[in-house]
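Report on the following structure.
What follows draws every value from the coordinates through simple rules; no lab data is involved. For clarity, every value in this text was computed on a predicted model and none was experimentally measured. Note that we place each Cβ from the backbone using ideal geometry, even for glycine, and neighbour counts take in every protein chain shown.
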Amino acid sequence: MAKLGNGNNLIFRVAVSVPVYRLFDYLAPDNCGHDNIKAGTRLEIPFGKGKKIAFLVEIASHSEIDIVKLKRVTRILDEKSLLRAKDLRLLHWASGYYHHPLGEVISAAFPVALRQGKPAVVQTEKYYSLTQWGQATDSNQFNRARKQKSLLEKFQQDQLPLSETGLSDWNKNWRPAVRLLMDKQLIQIAQPDSRVKFAESLVREDVLQLNTQQQSAVDAIKEGLGLFGVFLLEGITGSGKTEVYLQVIRSVLERGQQVLILLPEITLTPQLEERFRQRFAVSQCLSHSKLTDRERQTAWLKMQQGECSILLGTRSALFTPLRNPGLIILDEEHDVSFKQQEGFRFSARDVAVVRGKILNIPVLLGSATPSLESLHNVDKKHYRLLHLPERAGNAIEPVLQLLDIRNKQMQEGLSEQLIEEIKITLAKNEQVLLFLNRRGFAPTLICHGCGWAARCLRCDANLVIHYVDRMLRCHHCAREQRLINQCPACKTGELTPLGLGTERVEKVLNELFADKSIIRLDRDSTQRKGSLEGYLKQINEGKVDIILGTQMLSKGHHFPNVTLVSILDVDSGLFSIDFRAAEKLAQMIVQVSGRAGRADKPGKVIMQTRKPEHPLLTTLLNQDYSSFAKAALAERKEAGLPPFSYQALLRAQAVDAQMPLAFLQAIVELVRPYNNKAHIQVLGPVAAPMARRAGLYRFQLLFQSTKRRELHKLFDEALPEIEKLKYAKKVRWSLDVDPVDLY
Ligand code: ADP
Ligand code: ZN
Ligand code: ZN
């Protein structure tokens, strides 16, 4: 044991963002008054041959390591820890629960720039506001200068100072118009305190009169403010969930507290953002992957400092520190994008619930199609269900229909009857939405002569045909090549595309409805920044007749003029080996249906199927999602599957096919003694359902138990040993606790 010297020999135990489970001991930096240094403080340390950013975990008086071997912390980066004790408690919990190295978990809580050690300062933005002259000026004077006109109108409507970021949201190229209006003395640089004054008025517009169910949901949550509790708000699309959020948020703001709202990436549309901005005159922040690092850091710090009241963000915003937390909302809680699938594999939904518990605030989960996990938690009385059974206002629910396409004439996935329905809808000047969850032209290119198929050389997968840019692409790795015209095997056979993708349907739609405007929404067509927003705008302005797209369409967007929705190929979801496939399919069907017929126009949803008697489909058709969920939960219970048991998946991959298998076999041997009395099934090792991906051979080992604690105990004990196994450093491996997909 090292002897204690003076204060400078105190030990800083730190976490570093490296994939090892241990912490590291360092000597306290020279000349530091460490009385006030708290856990969570960022430090700069010598590490290996270079430097790294570390996070202080604790200050200790002695180290297991000989003191002369310890290096010294070079620099303390924060005067005051940016994380509070409760934030750290959550991160410690998450590191323990997900069995993920603490350094990587803490690091994930920070925005990129702070992780890299950049100073924690809010990059102050300029704000602009109207002058008195600007207030009084009629914008019609600017009929010839459209941009200045619309900017002036924006200022006049909003009656709020606008930040540089806000202006960029309005128009990327805002500076010339601002400069011109400033030259005319219509707008000015706002004084900082004018912002505060405006922020005093919380709500801008009159709120809607809630219906009975909405009102009782709002009342229940309001009563729960200031206490931990989880509410599951279940309501079909259009039932007024967002309105419930807005009214509850208002109460939280009135208490002087902050709200964290998490959404799946795609739902975070300008439409929703706009709805929030119209409703609340308080400062609001955004955090998602399309923003710059700087913008995300600003949002993070503003929430941390309490300068901002509302944060709308995606999964990664979950850990944002809150100065004055009041409520966490997770919308579309069933969405798989809340599960991080790489690195630190956490479920934002589950961690949000734990966060609510630690902070002693309510957590509100909302969905039209709640996950079976959450419904099970309602059954166990862990969550409280609030139900909005009908559409708000006068909107009518869409009618679901099955269309039996067995032995029917099809044109690239469209049956004659569906084509007829599309014609009828278009004739009424209403919009059609077609859903096919496969991008590209066709999933396979096959030789009619010899049966050769275009395969990815690095994955167990076919290359997908993309006709638009004449490429063959692997959807599992980055591999692509030019589309070929000749079969490389027999040189003579005719190459034919097999199967259906969105490009292929788009082509036939363009032929069938040549005079109509058709747009395709998938990952390929919306790659350019802002293109999705552009398309959504066109759709809402009624400039589009047929919308064709992938799962992107099933989330969040509202298309009020769509009255016909068709799911072109429901069957592909009916035959999956994944035990969650039925749940995902049911959610997808209900979510896609939710896009149809709002306001005064009733909608129709047609599902093309060759399995019209399939129980999943008939249950959704004749009953509803809740009935489906009940039946599905009963099946899971029968089979002992989650949520009636707990799983963890150990994955291993390597260029060499033998090593991952040998590694997992060694683990099976290693856990055998720990696992003696614990009721844990160890299944495998087996090859992953996609046995090779991006050149790596993949194997997996599934652990399952009805006792969560036993499962965790096993990993607590076994992981330090697993780390020491011969192959542990030669293969890439990871542990996925509560995996949502077993691939
Ligand atoms: P969801 O989030 O469940 O899809 P929204 O809150 O977006 O539902 O509500 C759907 C539509 O109904 C919106 O246009 C909203 O303004 C409107 N709406 C919500 N609640 C009411 C209400 N109580 N009375 C009238 N219209 C409402
Ligand atoms: Zn051939
Ligand atoms: Zn590939």
So Asn429 and Lys630, fully extended at 0.36 nm per residue minus their Cα-Cα distance, gain in nm 68.4 nm
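So if each residue of separation counts as 0.36 nm, and I subtract the Cα-Cα distance between Arg13 and Thr618, what length gain in nm does that give?
Details: separation 605, 0.36 × 605 = 217.80 nm, distance 5.90 nm.
That works out to 211.9 nm of additional length.
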What is the set of long-range amide H partners of Arg75 at a cut-off below 5 Å, with H atoms built 1.01 Å from backbone N? Glu44
Taking a straight Cα-to-Cα line shorter than 26 Å from Lys241, and setting aside same-chain lysines fewer than 8 residues away, one finds Lys222, Lys290, Lys339, Lys357, Lys380, Lys381, Lys537, Lys555, Lys584, Lys601, Lys604, Lys630
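Between Arg255 and Cys450, what is the FRET efficiency for a Förster distance of 56 Å, r being their Cβ-Cβ separation, to the nearest 0.05?
Values: r = 72 Å, r/R0 = 1.28.
Result of the calculation: an efficiency of 0.20.
If Lys and Arg each add +1 and Asp and Glu each add -1, what is the summed charge of the other residues whose beta carbon sits under 11 Å from the beta carbon of Asn140?
On the way: positive: Arg144, Lys149; negative: Asp138, Glu153.
Spelling it out: positives minus negatives among the neighbours equals 0.
Can you say what percent of the DSSP beta bridges in the chain, counting only those with both residues inside, are antiparallel? Round to 5. Mind dumping the intermediate values first?
Numbers: 63 of 116 bridges.
Expressed as a percentage, antiparallel bridges in the chain total about 55.
Okay, helix-only estimate at 222 nm for the chain: each DSSP H run of n ≥ 4 adds -39500 (n - 2.57), divide by all residues, round to 500 deg cm²/dmol; what do you get? Could the numbers behind the result be given before it?
Details: 22 runs with 237 residues, N = 743.
One gets -9500 deg cm²/dmol as the mean residue ellipticity at 222 nm.
What's the long-distance tail for the chain, i.e. % of Cα pairs beyond 50 Å?
On the way: 56098 of 275653 pairs.
Of the Cα pairs, 20 percent sit more than 50 Å apart.
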Student exercise, segment 205-388 dipole from Lys, Arg, Asp, Glu Cβ charges, in Debye to nearest 20: 480
Which far-off residues, 5 or more places away or on another chain, put their amide H under 5 Å from the one on Phe441, with H placed in the peptide plane? Ile465, His466, Tyr467, Glu503
Scan around Leu233 for amide H atoms under 5 Å from its own, H built in the peptide plane at 1.01 Å from N, and keep only partners 5 or more places away or cross-chain. Leu365, Gly366, Ser367, Leu386
With each pseudo-label sitting 7 Å past Cα toward Cβ, what's the Met182-Arg528 distance in nm, one decimal? 3.0
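According to the square roots a ≥ b ≥ c of the eigenvalues of the Cα gyration tensor, what is the shape class of segment 613-743, taking rounded for a/c under 1.5, prolate for a/b larger than b/c otherwise, and oblate for the remainder? Please report the intermediate quantities before stating the final value.
Numbers: a/c = 3.35, a/b = 1.66, b/c = 2.02.
Since a/c reaches 1.5 but b/c is at least a/b, the shape of segment 613-743 is classed as oblate.
Would you please classify the overall shape of segment 493-630 from the alpha carbon gyration tensor, given that a ≥ b ≥ c denote the square roots of the eigenvalues, rounded means a/c under 1.5, and beyond that prolate means a/b larger than b/c while oblate covers the rest? Don't skip to the end; give the middle numbers.
Details: a/c = 1.77, a/b = 1.22, b/c = 1.44.
Judged from the Cα gyration tensor, segment 493-630 comes out oblate (a/c at least 1.5, b/c at or above a/b).
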Row for segment 362-448, column shape: gyration tensor on C-alpha, a ≥ b ≥ c, rounded if a/c < 1.5 i.e. under 1.5, prolate if a/b over b/c, else oblate; value oblate
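Give me the number: length gained by fully extending Lys49 to Asp379, i.e. 0.36 nm times residue separation minus the C-alpha to C-alpha distance, one decimal in nm.
Values: separation 330, 0.36 × 330 = 118.80 nm, distance 5.45 nm.
That pair, Lys49 and Asp379, stretches by 113.4 nm at full extension.
Could you list Asp293, Asp524 in order of exposure, starting from the residue whose Cβ has the fewest other Cβ atoms within 10 Å?
Lowest to highest Cβ neighbour count: Asp293, Asp524.
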Applying the Karplus parametrisation 6.51 cos²θ - 1.76 cosθ + 1.60 with θ = phi - 60° to the phi angles of segment 558-575, what ³J(HN,Hα) value in whole Hz is obtained for each residue in order, glycine and proline being reported as x? 10, 10, x, 9, 7, 10, 10, 10, 10, 9, 5, 9, 6, 4, 4, x, 8, 10
